[in-house]
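Trainee: Mind having a look at this structure? Questions to follow.
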Amino acid sequence: MKDAKSKGYACPRCTVGRCAPRTTTFADLYHGQLLCIPNLAAYVCDVCHFAEFEQEALEALWNEFYGDGPADEYQMVTGQNRGSTYGGGST
């Protein structure tokens with residue numbers, strides 16, 4: 001997290017808070033089971049707690065769990081594609 005974002009940036013979800021570097025728990029569905037990975041690097045909003053994970057970390061997780069399988073068979077759950085019951089977002 002040593003790039004221009006390292007000091008934080010305006011939250012893209014609520015536009016009120018600031019996303020700053022922290023660690024948080026990554027949660028996703030893996031073959032119908034809940035997968036939780038604690039202490040993953042992310043930028044977390046201080047108001048709405050939106051979390052944007054480091055792309056490199058997500059790619060490493062993807063390779064670990066899905067290997068070289070075709071990406072179109074799987075879709076990671078993210079804040080952008082969760083239903084309206086999660087955090088007030090919309091689909």
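Laboratory data are not the source of any read-out in this text; all were calculated from the coordinates shown. Only a predicted model underlies this, so the values are computations on that prediction, with no experimental measurement involved.
Trainee: Multiply the residue separation of residue 10 and residue 47 by 0.36 nm, subtract the distance between their alpha-carbon atoms, and state the gained length in nm to one decimal.
Mentor: Computed gain between residue 10 and residue 47 is 12.3 nm.
Trainee: Would you kindly state how much longer the chain becomes between residue 25 and residue 59 on full extension, computed as 0.36 nm times their sequence separation minus their alpha carbon distance, in nm to one decimal?
Mentor: Fully extending the segment from residue 25 to residue 59 adds 10.6 nm.
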